[in-house]
Amino acid sequence: MTPQQKERYLAWRNSGKSKFRSRLRNIMSQLFGDDKVNVSAEVLVFMGSVTKMFVGEIVEEALRISGHTDDDHPPLQPHQIREAARRLGLRGRLGSYQSSHAQRLFRR
């Protein structure tokens with residue numbers, strides 16, 4: 001891990017983990033269709049890790065699409081993120097979110 005990646009990781013780790021876990025718990029409850037479902041801390045950590053990897057892959061692909069490889073780049077545009085999700089879906093990297101689902105996931 002580069003020093004910049006480590007710095008970003010530490011900033012992420014220290015920012016609002018309880019809020020994220022609370023939101024993730026709510027989403028998991030909605031998925032299971034039961035507000036009283038008890039989601040363990042281990043499941044929340046696992047789902048948080050998967051979520052972070054999912055977003056990371058989309059952002060990396062969007063950066064490749066934008067053509068900016070240096071650390072000083074403009075913010076990603078929505079069309080770059082949509083295109084990244086489309087390309088990853090075509091390659092089968094988004095699991096069940098293939099190209100038709102990716103369009104619903106990132107609406108215009």
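The values are calculated or read from the model by the stated rules, or taken from the named source; none is laboratory data. Quantities reported herein were computed from a predicted structural model and do not represent experimental measurements. Ideal geometry is used to build each Cβ from the backbone, glycine not excepted, and the neighbour counts take in all protein chains shown. Just the protein is used for accessible areas: all its heavy atoms, side chains included, with ligands, DNA and RNA removed. Shrake-Rupley method; radii C 1.70, N 1.55, O 1.52, S 1.80 Å.
Results, tabulated for the structure shown:
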quantity: Every residue from region 1-27 that is in contact with a helix residue (DSSP H, G or I) (Cβ under 7 Å, 6 or more places away or on another chain) and either among the acidic types (Asp, Glu) or over 30 Å from Asp72 (Cα atoms) (or both); calculated: Arg21, Leu24, Arg25
quantity: Count of region 49-78 residues which are more than 20 Å from Tyr9 (Cβ to Cβ), in contact with a helix residue (DSSP H, G or I) (Cβ under 9 Å, 6 or more places away or on another chain), part of a helix (DSSP H, G or I) and open to solvent by 60 Å² or more (accessible area, probe 1.4 Å); calculated: 1
quantity: Test: residue in region 2-24 that is among the aliphatic types (A, V, I, L, M), part of a helix (DSSP H, G or I) and within 29 Å of Gly92 (Cα to Cα); calculated: yes
quantity: Pair list, Cβ < 9 Å and 6+ apart or interchain, from region 40-51 residues that are under 13 Å from Phe20 (Cβ atoms) to residues that are open to solvent by 60 Å² or more (accessible area, probe 1.4 Å) and among the β-branched types (Val, Ile, Thr); calculated: Met47/Ile27
quantity: The one condition in (1) loosely packed, with under 13 Cβ neighbours inside 10 Å; (2) modelled with pLDDT of 80 or more that Arg25 fails to fulfil; calculated: (1)
